[in-house]
Amino acid sequence: MAIAQEAQTGDQFAALETRLADIEERYELRIAELEARMPDDRVTIVCFSGDLDKAMAAFIIATGALAMGYECSMYFTFWGLSVIKEQAETAGKSFMEKMFTMMLPENMQKLGISKMNFAGAGAKMMRGIMESKGVATLDELMEVAQDMGVRIISCTMAMDIMGITDEEMRPDLDRGGVGTFLGDALKSKATLFI
């Protein structure tokens, strides 16, 4: 009888060990799945605005993120494309594309500010104050961001809609669509819209 009880207890113990091993395996798989879905140390910034002050804020945040050990990508779309344009061309464009070209700032040096621009006087005042206080220009901020490793992407769909050609854009930047943005944003701890 004692031998039968020992065998039964041994069988129960073996069954319990098997069950615990199964539970442990399921938990390890679930933990691995959850860890795979955790965001990376990354920040993604959508730059929708073509205003000088907002563009500067975006680059300051981007370089700050890198200084904190995060990766950062900046996705420029619609009016924000003016921030990363190098020049404006009208040759070979449709009437509507030429209109967009003439209405948008030619490049970052021509950007206005979001409030009190007053036909460019506000932006000129802002640049003068920044220079007198030793604040980096937008061009310098962009250069620092690129040197630090910020990935700068121009939205190809917005470029197409607005008639902005590759020749008008800075050649040292990436091009991408919404899939490029979402690929970065879905892996980010923070996604900002400026």
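The values are calculated or read from the model by the stated rules, or taken from the named source; none is laboratory data. Computed from a prediction, not measured in an experiment: that's the story for all the values here. Cβ atoms come from the backbone with ideal geometry, glycine included; neighbour counts cover every protein chain shown. Side chains are part of the model used for accessible areas, which takes the heavy atoms of the whole protein and leaves out ligands, DNA and RNA. Shrake-Rupley method; radii C 1.70, N 1.55, O 1.52, S 1.80 Å.
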(request) Consider a paramagnetic label point 7 Å from the Cα of Met96 along Cα→Cβ; state which residues of segment 68-89 have an amide N under 17 Å from it. (result) 78-79
(message) If I fit a long axis through the Cα atoms of helix 52-67 and take the longest principal axis of the Cα atoms of the chain, what angle between them do I get, 0 to 90°, rounded to 10?
(response) 40
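Roughly speaking, to the nearest percent, how much of the chain's 1.4 Å accessible area is carbon and sulfur?
Details: 7120 of 11960 Å².
Summing carbon and sulfur atoms, their accessible area is 60 percent of the total for the chain.
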(request) Excluding Ile60 itself, calculate the net charge of residues whose Cβ lies under 11 Å from the Cβ of Ile60, where each Lys or Arg counts +1 and each Asp or Glu counts -1. (result) 0
(message) As a test of understanding, state the convex hull volume per residue of the chain from its alpha carbons, in Å³.
(response) 163
